[in-house]
1. Surrounded by 14 or more Cβ atoms within 10 Å (Cβ to Cβ) and touching an Asp or Glu at 6+ places or on another chain (Cβ under 9 Å) - does that describe any residue in the range 14-29?
2. Would you be able to say whether some residue in the range 74-91 is farther than 29 Å from Leu34 by Cβ and surrounded by 15 or more Cβ atoms within 10 Å (Cβ to Cβ)?
3. Within the range 57-67, identify whether any single residue is outside any helix (DSSP H, G or I), over 13 Å from Ala17 (Cα atoms), among the basic types (Lys, Arg) and more than 10 Å from the chain's Cα centre (by Cα), and answer yes or no.
4. Given the conditions (1) assigned to a loop (DSSP other than H, G, I, E, B); (2) in contact with a Ser or Thr (Cβ under 9 Å, 6 or more places away or on another chain), report the number of the one that Arg76 does not fulfil.
5. Is there a residue in the range 22-42 that is aromatic (Phe, Trp, Tyr), in contact (Cβ under 8 Å) with a residue 12 or more places away in the chain and not in a loop (DSSP other than H, G, I, E, B)?
6. Conditions: (1) surrounded by 12 or more Cβ atoms within 10 Å (Cβ to Cβ); (2) of a type outside the set (Asp, Glu); (3) touching a residue at least 40 places away in the same chain (Cβ under 8 Å). Ala65 meets all but one. Number of the miss?
7. Of the conditions (1) touching a residue at least 40 places away in the same chain (Cβ under 8 Å); (2) of a type in the set (A, V, I, L, M, F, W, C); (3) surrounded by 15 or more Cβ atoms within 10 Å (Cβ to Cβ), Ile49 satisfies every one except a single condition; which number is it?
8. Quick check, is Ser11 among the hydroxyl-bearing types (Ser, Thr, Tyr), surrounded by 10 or more Cβ atoms within 10 Å (Cβ to Cβ) and modelled with pLDDT under 90?
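The values are calculated or read from the model by the stated rules, or taken from the named source; none is laboratory data. As the structure is a computational prediction, the values presented were derived from the model and not from experiment. Here the Cβ positions follow ideal geometry from the backbone for every residue, glycine too, while neighbour counts run over all protein chains shown.
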Amino acid sequence: MRKMLHPQPVSPNYQDALVFSGILQLLLQFFAALTFDGGVLLFVNTLAIGAFWIVAAFIFFRRPAGPSPRDARILRLGYPLLLCHVGVLVMLTWKWQGRL
C-alpha cells in the first residue's frame with residue numbers, strides 16, 4: 001500500500017504579491033482591449049500573462065511554505081518587466097517575419 005503524501009501548507013506571504021499582480025494584470029488587459037491597434041497589444045499582454053503565471057507556478061511549487069524576499073519581489077513586480085520584454089520580442093519576431 002502506498003504512503004499518502006501530505007501537501008505542505010501554503011504561505012500567506014504569497015497572497016499579497018499574487019493579488020497585486022492579478023489586479024494589475026486585469027487592469028492592463030482591460031486597457032489593452034480598449035486600444036485600436038488590431039489586437040496587437042491584447043495579444044502581447046496575453047502572452048505576458050501566460051508567461052508570468054508559468055514562472056509564478058515554478059516559484060510557488062519550489063517554495064510552497066514561504067517565498068524568499070526575491071521570490072515575493074518577482075511575483076509582485078515581475079509582470080510589468082515581463083510585459084516590456086515580451087512586447088519587444090513579439091515586435092522583433094513580427095518584423096523578422098515580415099508581418100510589420
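1. yes
2. no
3. yes
4. Evaluating Arg76 over (1) assigned to a loop (DSSP other than H, G, I, E, B); (2) in contact with a Ser or Thr (Cβ under 9 Å, 6 or more places away or on another chain) leaves (1) as the failure.
5. No, because not a single residue in the range 22-42 is aromatic (Phe, Trp, Tyr), in contact (Cβ under 8 Å) with a residue 12 or more places away in the chain and not in a loop (DSSP other than H, G, I, E, B).
6. Going through the list (1) surrounded by 12 or more Cβ atoms within 10 Å (Cβ to Cβ); (2) of a type outside the set (Asp, Glu); (3) touching a residue at least 40 places away in the same chain (Cβ under 8 Å), Ala65 breaks only (1).
7. (1)
8. Answer is yes for this residue.
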